[in-house]
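Since the structure comes first, as structure tokens, the remarks are kept for the end.
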Amino acid sequence: MAKHLTAHEKRKARIRKKISGTTARPRLTVYKSLKHIYAQVVDDTTGKTLAFAGTTSKALKGELGEADKTDAAKKVGEAIAKAALEKGVEAVVFDRNGFDYHGRIAAVAQAARDAGLKF
């Protein structure tokens, strides 16, 4: 049986063919579900996750409150930038993970840029 790929899976594969995180410039990948958004900084050469932030993480869960999803995405962007800078990561490659660069994905990226990460 052949597995049929969705359009999202095809976009994701096409992007990952071109983008890879190195030790000097790791990959900032973003995933969104209907309720939550997650971001992590990954070094693909060693296969290690250097930093993580999401709306379900303990650090952000209490401070989100009744924020709408875009505001929550901005807080995740700030948190991932802070966590990455603490680990000594200043520049990243942005991986939108097959999602359109629009709305919550763009909010995470802009908040991370404003907090000091270089794309």
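All of the numbers you see were taken from the coordinates with simple rules; none came from a lab. Bear in mind that the values here come from a model prediction, so they are computed numbers and not experimental data. Counting neighbours? That spans all protein chains shown, and the Cβs are built from the backbone with ideal geometry, glycine included.
Observations
- Conditions (1) in contact with a strand residue (DSSP E or B) (Cβ under 8 Å, 6 or more places away or on another chain); (2) surrounded by fewer than 19 Cβ atoms within 10 Å (Cβ to Cβ): number failed by Thr6: (1)
- Filter pass, Thr70 being surrounded by 16 or more Cβ atoms within 10 Å (Cβ to Cβ) and either under 17 Å from the mean Cα position of the chain (by Cα) or not in a loop (DSSP other than H, G, I, E, B) (or both): no
- When Ile80 is tested against the conditions (1) in a helix (DSSP H, G or I); (2) free of Cβ contacts under 8 Å to residues at least 40 places away in the same chain, the lone failure is (2).
- Segment 15-41, residues that are part of a helix (DSSP H, G or I) and touching a residue at least 12 places away in the same chain (Cβ under 8 Å): Ile15, Arg16
- Scanning segment 42-78 for residues that are closer than 18 Å to Arg104 by Cβ and either of a type in the set (Asp, Glu) or in contact with a Pro (Cβ under 6 Å, 6 or more places away or on another chain) (or both) yields Glu63, Glu66, Asp68, Asp71, Glu78.
- Residue check, Glu78 charged (D, E, K, R) and exposed (fewer than 14 other Cβ atoms within 10 Å of the Cβ): no
- In segment 86-119, residue surrounded by the most Cβ atoms within 10 Å (Cβ to Cβ) [restricted to those that are assigned to a helix (DSSP H, G or I) and of a type in the set (Asp, Glu)]: Asp114
- Of all residues in segment 45-67 being part of a loop (DSSP other than H, G, I, E, B) and out of contact with any strand residue (DSSP E or B) (no Cβ under 6 Å at 6 or more places or on another chain), the one that is nearest to Ala83 (Cα to Cα): Ser57
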